[in-house]
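Notes follow the structure.
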Amino acid sequence: MKIAVPSTEPNLNGMVENKLGIAAHVLVIETDDMSFEVLNGSQRSSLPGAGVQTISLVMDMGVQVILVGFISPDIAKVLAEQGIEIVTQISGSVAKAVTNYMDSQSLNSKLKNDELPFRESTSKDQWIAAMKKGLRQFQSILPLLVGVILLLGLFQGFVSKQTLLSFFSGSAVLDSFWGACMGSVLTGNPVNSYVIGKNLLNIGVGLSGVTALMLTWVSVGLIQLPVESKALGIRFALVRNITGFIVAIIMSFVVVWFAGGSI
């Protein structure tokens, strides 16, 4: 690659001039071995257009890059259309300017070559990090899950059916409330709620109480609240459970109304 640099001296130790038109010398450097040719530049007293003449000379020599402090945007546009790269705001020694440019080109080339593997590695690392985070969260929740299962077993073992039925008085409003309360504590899967609901209906518990119990059985979980709070946040857990409790009572009234009963 050939690089043209306006210089104060006819060697690589010269300083980069701000403009091509005022440079005493223009070095055309071959980057393979840093050999160079020196063109006599225009003097500061030269007429306007001296910079254009210098550009014509370097173009004839097959220059691909021009390093300079400043160049007219219009001229830079024309040169870019000819396939010549213009790098402005260059200062310091000519040798340093060329070295810095070549280092930047080498870095950009390496980044382009490594772009795809880097993305793949990043994606893989993200998956591993996500799995580790999920495992740590599960390990923190596991003791709470075990506690929930034990509490449910103890509660259902010590509270008899007669005790449960004593709460239901036949009032749709009270039965809905107590049914929702019991369902909130006796959390379980839907299949169990169907069995319990059928048994309660068979022994005379009102439809509103059974409906509220079944709905809160699967949607509200007071014993599971610590686990849910740990996983999803205390605010979300409280709002969800309270909303589920209220909706269950309302829906129990709606079910009774559709079934043709009285509230």
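Each of ARG240, ARG136 has its accessible area taken with a 1.4 Å probe; listed largest first, they run ARG136, ARG240.
When each of the peptides 204-215, 69-80 is scored by how many other beta carbons lie within 10 Å of its residues on average, the order from highest to lowest is 204-215, 69-80.
Put simply, the amide H of ALA23, placed in the peptide plane, has neighbours under 5 Å in SER42, leaving out anything fewer than 5 places away on its chain. When the charge dipole of the stretch 2-115 is built from unit charges on Cβ atoms (+1 for Lys and Arg, -1 for Asp and Glu) and taken about the Cα centre, the candidate among LEU67, ALA4, ASN18 whose Cα reaches farthest toward its positive end is ASN18.
Take 216-227, 93-104 and order them by the average number of nearby Cβ atoms within 10 Å per residue, most first; the result is 216-227, 93-104.
The values are calculated or read from the model by the stated rules, or taken from the named source; none is laboratory data. As the structure is a prediction and not an experimental result, all values here were calculated from the model. Neighbour counts run over all protein chains shown; Cβ positions are idealised from the backbone, glycine included. These area figures cover heavy atoms from the full protein model, side chains too; ligands, DNA and RNA do not enter into them. Shrake-Rupley method; radii C 1.70, N 1.55, O 1.52, S 1.80 Å.
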